[in-house]
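Q: Got a structure for you, written out below as structure tokens; questions coming shortly.
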Amino acid sequence: MKDITNRKDVEFMVDTFYSAVREDELLGPIFNRVIQDNWPTHLETMYKFWSTVLLQEMSYKGAPFMPHRKLPISPEHFDRWIYHFYTTIDKHFEGEVAEEAKWRSARMAEMFMYKLESNSY
């Protein structure tokens, strides 16, 4: 296995992860209801987000929390999201950037949950 080193790796990671999310019985209905047939646009946004976070490409501009603030989500949803994210990384990548991806995803989930629980948005 190799580390996440370029945009193609990020695209593979994002595509693989969201494929699992879309099929998940807990997460799939929420994502599919909100995104509907706009998956290509959502995936492109996620490519830019993770390329910015992991590869310092600076292609993402936005506020990642805002689209999530009114979703019917709880800690259980974030646990499942993290499960799929870690599984995707561990199955396909290894290395410093792969570990950073897992660390950043966990911190992001914590921050989102904190903001949702405390209405800090």
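Q: Would you mind stating whether residue 9 is surrounded by 15 or more Cβ atoms within 10 Å (Cβ to Cβ) and more than 25 Å from residue 119 (Cα to Cα)?
A: Judged against the criteria, residue 9 is a match.
Q: Among the residues of the stretch 72-94, write down those that are over 20 Å from residue 16 (Cβ atoms) and either surrounded by 14 or more Cβ atoms within 10 Å (Cβ to Cβ) or free of Cβ contacts under 8 Å to residues at least 12 places away in the same chain (or both).
A: 73, 74 - these are the residues of the stretch 72-94 that are over 20 Å from residue 16 (Cβ atoms) and either surrounded by 14 or more Cβ atoms within 10 Å (Cβ to Cβ) or free of Cβ contacts under 8 Å to residues at least 12 places away in the same chain (or both).
Q: Can you go through 34, 14, 97 and tell me which one is in contact with a Leu (Cβ under 9 Å, 6 or more places away or on another chain), of a type outside the set (S, T, N, Q), part of a helix (DSSP H, G or I) and loosely packed, with under 15 Cβ neighbours inside 10 Å?
A: Residue meeting the stated conditions: 34.
Q: Is it fair to say residue 32 is in contact with a Lys or Arg (Cβ under 7 Å, 6 or more places away or on another chain) and more than 19 Å from residue 106 (Cα to Cα)?
A: Spelling it out, residue 32 is indeed in contact with a Lys or Arg (Cβ under 7 Å, 6 or more places away or on another chain) and more than 19 Å from residue 106 (Cα to Cα).
Q: Out of all the residues in the stretch 25-36, is one or more within 22 Å of residue 91 (Cα to Cα), within 14 Å of the chain's Cα centre (by Cα) and without any contact (Cβ under 8 Å) to a residue 60 or more places away in the chain?
A: Taking every residue of the stretch 25-36 in turn, at least one turns out to be within 22 Å of residue 91 (Cα to Cα), within 14 Å of the chain's Cα centre (by Cα) and without any contact (Cβ under 8 Å) to a residue 60 or more places away in the chain.
Q: Shifting gears a bit: If we keep just the residues of the stretch 37-81 that are charged (D, E, K, R) and over 14 Å from the mean Cα position of the chain (by Cα), which is modelled with the lowest pLDDT?
A: Going through the qualifying residues, I end up with 69.
Q: Given 51, 19, which one is more than 21 Å from residue 113 (Cβ to Cβ), surrounded by 15 or more Cβ atoms within 10 Å (Cβ to Cβ) and of a type in the set (Gly, Ala, Ser)?
A: 51
Q: Of the conditions (1) modelled with pLDDT of 95 or more; (2) surrounded by 13 or more Cβ atoms within 10 Å (Cβ to Cβ), residue 103 clears all except one; give me its number.
A: (2)
Q: Please state which of the following conditions residue 26 fails to meet, knowing it meets all the rest: (1) in a helix (DSSP H, G or I); (2) modelled with pLDDT of 95 or more.
A: (1)
The values are calculated or read from the model by the stated rules, or taken from the named source; none is laboratory data. Values in this document were obtained by computation on a predicted structure and should not be read as measured data. All Cβ positions, glycine included, derive from the backbone under ideal geometry; neighbour counts span all protein chains shown.
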